[in-house]
Amino acid sequence: ITLPNAISIAGPINIYGGAINVNNNVTTSSGDILMRASGTFTIASSKAITNSSGNTVITTSKFVNNAGSTALSNTNSGASKYWQVWSTNADPYNGSTGDTVGSLAYDYKQYNINYGASPSGTGRALLYSYAPTLTFSLTGTVSKTYDGTDTATLTSSNYSVSGAVNSDSITYNKPTSGTYDTKNVGTSKTVSVTSVTLTSVASSTSKPVYGYSVAATSISGSIGTITAATANISATKTYDGGITLTSGQVTITGVTVGANTEVLTYTGTASLSDANVATSNKYVVPTSMTLANGGTGLTTGLASNYALPSNAYNATSNRATVNTANLTVTADNQTTTYGTVISTGTGKT
């Protein structure tokens, strides 16, 4: 159907057809305008559809506006009247087969809606059966030092979203807490997050957009890294003149989770930095030690989750104590007459 001549009446206008070409102005001062095209609906350059009283509704499989921002006019919009363009175009933003909106000043857009359904917004609207889907993803790196838990801490930069169309701006919540696949040290670990939900969508002209679907609100990605924690070594021995330590004199602990502190063992040789009691800031020399797993139970520590402390004193991670040894006093085996002073020997050892 082609409308070569102007239409100006005081009453409703209803036009149905395959393709509809509006090649002249269409105006009503009373009633609604309903124009339904099963094919392409085209508004020619410099032409307009004007309604000064009611609503204007257009349905089409492809909307082409060659008249720009003045193509649709509803001068009674202050009385809650509107215009609506309903498009069933399967790809409305395709450069060759998509719709041409032509800078129409709309109040909102909505996707995944068909003519006859109730829109989510009010006012002038672009309404599409086209149903875009948003996909949330995790990106970047989430890292921490081993702490005995699988808790992951994320920032907003760890999130991305794809699937937005027509320069729509997507706002969604970005949880700061997630979980690693395990609590143990590793790289490319799977981090999972739940409750990633869509908050709002705005068009490039800052108008609300409705109708996006979301692929999933629980997402995961191989973005996790857990690095080894520093094991805490302490040693206590009684002075014996040497620096060698036995396994019973060395304690190795790790992180504390709840009421449980992880315990480790070692292989190799442990020794002191100094053998003397009075020397301050003594520590365990770790260069000949290799961490080993602890025993069984809640306090078992895995050696792979820890690193030995540096070869230096640290009040928390590497310290040693040498206690004083008892002095043994033995008297010499000598004989004397009462009242006589022993003149030779020390009298004791």
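What's the number of the only condition in (1) assigned by TED's automatic domain parsing to the domain that holds Tyr172; (2) surrounded by 15 or more Cβ atoms within 10 Å (Cβ to Cβ); (3) in a loop (DSSP other than H, G, I, E, B) that Thr149 fails to meet?
Thr149 satisfies all of (1) assigned by TED's automatic domain parsing to the domain that holds Tyr172; (2) surrounded by 15 or more Cβ atoms within 10 Å (Cβ to Cβ); (3) in a loop (DSSP other than H, G, I, E, B) except (2).
Here is a yes/no grid of residues against (1) within 19 Å of Tyr115 (Cβ to Cβ); (2) of a type in the set (D, E, K, R):
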{"position": "Ile1", "(1), (2)": "yes, no"}
{"position": "Thr27", "(1), (2)": "no, no"}
{"position": "Asp32", "(1), (2)": "yes, yes"}
{"position": "Ala37", "(1), (2)": "yes, no"}
{"position": "Thr42", "(1), (2)": "yes, no"}
{"position": "Val57", "(1), (2)": "yes, no"}
{"position": "Ser61", "(1), (2)": "yes, no"}
{"position": "Leu72", "(1), (2)": "yes, no"}
{"position": "Ser87", "(1), (2)": "yes, no"}
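Contact list please: Cβ distance under 7 Å, first residue in region 209-226 and on the phi > 0 side of the Ramachandran plot and in the same structural domain as Ser169 (by TED's automatic domain parsing), second residue surrounded by 15 or more Cβ atoms within 10 Å (Cβ to Cβ) and in a loop (DSSP other than H, G, I, E, B), pairs at least six apart or on different chains.
Taking only residues 6 or more apart or on different chains, the pairs are Gly211/Tyr111; Gly211/Asn112; Gly211/Ile113.
Taking the stated definitions as given, is Ser160 part of a strand (DSSP E or B) and within 27 Å of Ala215 (Cβ to Cβ)?
Taking the combined requirement at face value, the residue satisfies it.
Out of (1) surrounded by fewer than 17 Cβ atoms within 10 Å (Cβ to Cβ); (2) under 20 Å from Leu302 (Cβ atoms); (3) within 19 Å of the chain's Cα centre (by Cα), the odd one out for Ser192 is which?
(2)
Pull up region 77-128, narrow it to residues that are among the aliphatic types (A, V, I, L, M) and in a loop (DSSP other than H, G, I, E, B), then point me to the one that is farthest from Ser61 (Cα to Cα).
The extreme case among them is Ala105.
Could you pull out the residue among Ala278, Ala235, Ala229 that is crowded, with 16+ Cβ neighbours inside 10 Å, over 42 Å from the mean Cα position of the chain (by Cα) and at pLDDT 95 or above?
Every option except Ala235 fails the conditions.
Find all pairs meeting these conditions: Cβ atoms under 7 angstrom apart; at least six residues apart or on different chains; first residue within region 1-27 and touching a residue at least 40 places away in the same chain (Cβ under 8 Å) and not assigned by TED's automatic domain parsing to the domain that holds Asn66; second residue of a type outside the set (Val, Ile, Thr) and part of a loop (DSSP other than H, G, I, E, B).
none
So if I check each of Thr145, Thr88, Thr149, which one is under 22 Å from Ser213 (Cβ atoms) and touching a residue at least 40 places away in the same chain (Cβ under 8 Å)?
Step by step, each of Thr145, Thr88, Thr149 is checked, and only Thr88 is under 22 Å from Ser213 (Cβ atoms) and touching a residue at least 40 places away in the same chain (Cβ under 8 Å).
How many residues does region 195-206 contain that are surrounded by 15 or more Cβ atoms within 10 Å (Cβ to Cβ) and assigned to a loop (DSSP other than H, G, I, E, B)?
Of the residues in region 195-206, 2 are surrounded by 15 or more Cβ atoms within 10 Å (Cβ to Cβ) and assigned to a loop (DSSP other than H, G, I, E, B).
Criterion first (farther than 17 Å from Ser218 by Cβ, touching a helix residue (DSSP H, G or I) at 6+ places or on another chain (Cβ under 9 Å) and at pLDDT below 95) does Gly123 satisfy it?
Taking the combined requirement at face value, the residue satisfies it.
Give me the strands (runs of 3 or more DSSP E) completely within region 16-74, filtered to those with at least 2 residues that are over 48 Å from the mean Cα position of the chain (by Cα), ordered by residue number.
Hits in region 16-74: 20-22, 26-28, 49-51.
Inspect all residues belonging to region 193-216 and state whether any of them is out of contact with any Pro (no Cβ under 9 Å at 6 or more places or on another chain) and under 27 Å from Asp147 (Cβ atoms).
Checked region 193-216: no residue is out of contact with any Pro (no Cβ under 9 Å at 6 or more places or on another chain) and under 27 Å from Asp147 (Cβ atoms).
Enumerate the strands (runs of 3 or more DSSP E) found wholly within region 218-306, keeping only those where 2 or more residues are of a type in the set (Gly, Ala, Ser) and more than 20 Å from Lys144 (Cα to Cα).
Of the strands (runs of 3 or more DSSP E) lying wholly inside region 218-306, those with at least 2 residues that are of a type in the set (Gly, Ala, Ser) and more than 20 Å from Lys144 (Cα to Cα) span 232-238, 270-272.
Could you please give the count of residues in region 1-11 that are assigned to a loop (DSSP other than H, G, I, E, B) and farther than 22 Å from Ser87 by Cα?
Of the residues in region 1-11, 5 are assigned to a loop (DSSP other than H, G, I, E, B) and farther than 22 Å from Ser87 by Cα.
With the condition kept exactly as written, say whether any residue in region 74-85 is buried (at least 20 other Cβ atoms within 10 Å of the Cβ) and among the basic types (Lys, Arg).
The answer is no; no qualifying residue exists.
The values are calculated or read from the model by the stated rules, or taken from the named source; none is laboratory data. Computed from a prediction, not measured in an experiment: that's the story for all the values here. All Cβ positions, glycine included, derive from the backbone under ideal geometry; neighbour counts span all protein chains shown.
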